[in-house]
Amino acid sequence: MSTTFQLDTGTSRANPTPAPMKRLTVPAIHQRKVDGTTAEPIVVLTAYTARQAQLLDAHCDVLLVGDSLGQVIYGLPSSVPVTLEMMAAHGAAVVRGSYHSVVVVDMPFGSYEASPEQAFASAARLLKETGCAAIKLEGGEAMAPTVEFLVKRGIPVMGHVGLTPQAVNVLGGYNARGRTKVEATKIIADAKALDDAGAFAIVIEGVVEPIAIEVTKAVGCPTIGIGASAQCDGQVLVTEDMLGMFDRVPRFVKRYEAIADVISGAAAKYAEEVRSRTFPGVEQTYQPK
Ligand code: KIV
């Protein structure tokens, strides 16, 4: 499968193929953190489609095809029902739409927890079918043997600790983690176990700031915060949250746009013009020569 950006602009709505650029690599991301310090924070956004990837790619170091696509794209109540097929289809689209960022694809719930062998089969499928460079999976100490198994077999792994949305049924909700001593100790131990197992980076999600800082100091690999701390080695947001696509704005989200208003405003204008027969106009209609 081709991993280069080759959309046929004659038949698709894609922009012209950008000048080929060397893609960042997983080791380059890992090596951004030197002696516990990351001089240049790692920029990560989620992407689910080729066009979205095209628009984000030049600005990011990593594009994460998150299983948050379950809620964002498919309107599912959580990421639990997301399938490997969905991740493979969207992962391939994002790889086709990018040429610079490292593309990481989430392993969906149920595709990796049973055994390292199950995880290898799922991860290998994602790498083969999408052309992505790495996968992400949720969980700490319990998943460390699986992470080691994958890394030793050529599959780079991004870890994910703290609030792990696939475990929503165990956690009982999406509240921030690390408020009690027991939780805080567990998050730090989880991150250390993933680091020791060879994860090239670790997402810290929904964790009180002092613990996020402690984790960042405790591990050799870069940490990527979401609802964590500016002291993490990088940050990730769900792109649609950052763009203002949804009414609900979680505390950890900063809106950089109000794209929902732009879309619904444009749809209202279009509807008005269709109903008043002012669209299509002369410019949009074909006339005999
Ligand atoms: O699924 C996702 O988008 C994620 C990020 C929010 C870290 O896991």
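Quick notes on this structure:
- Taking the C-alpha atoms only, the angle from helix 259-275 to the longest principal axis of the chain is near 20 degrees.
- Distance from the C-alpha centroid of region 237-289 to that of region 132-208: 37 Å, rounded to the whole angstrom.
- For region 177-262, the dipole from Cβ point charges (+1 on Lys and Arg, -1 on Asp and Glu) about the Cα centre works out to 340 debye, to the nearest 20.
- With bins 10 Å wide beginning at 0, the percent of Cα pairs of region 205-247 falling in each bin runs 31, 45, 20, 5.
- Taking a ≥ b ≥ c as the square roots of the eigenvalues of the Cα gyration tensor, an a/c ratio below 1.5 marks region 3-260 as rounded.
- Contour minus Cα-Cα distance for residue 118 and residue 247 (0.36 nm per residue): 42.6 nm
- Order by protection proxy (mean Cβ within 10 Å, highest first), peptides 54-62, 220-228, 110-118: 220-228, 54-62, 110-118
- Heavy-atom accessible surface of the chain: percent carbon and sulfur, 1.4 Å: 57
- Average accessible surface area per residue within the chain, 1.4 Å rolling probe, Å²: 51
- When the C-alpha to C-alpha distance is required to be over 20 Å, the pairs from 136/192; 33/217; 33/181; 192/217; 152/217; 181/254 that qualify are 33/181; 152/217; 181/254.
- Angle of helix 181-197 to the longest C-alpha principal axis of the chain, folded into 0 to 90 degrees and rounded to 10: 80°.
The values are calculated or read from the model by the stated rules, or taken from the named source; none is laboratory data. Since the model is a prediction, treat every value here as computed from it, not as a measurement. Positions of Cβ are generated from backbone atoms using ideal geometry, with glycine treated the same way; all protein chains shown enter the neighbour counts. Keep in mind that these areas ignore ligands, DNA and RNA; they rest on the heavy atoms of the full protein, side chains included. Shrake-Rupley method; radii C 1.70, N 1.55, O 1.52, S 1.80 Å.
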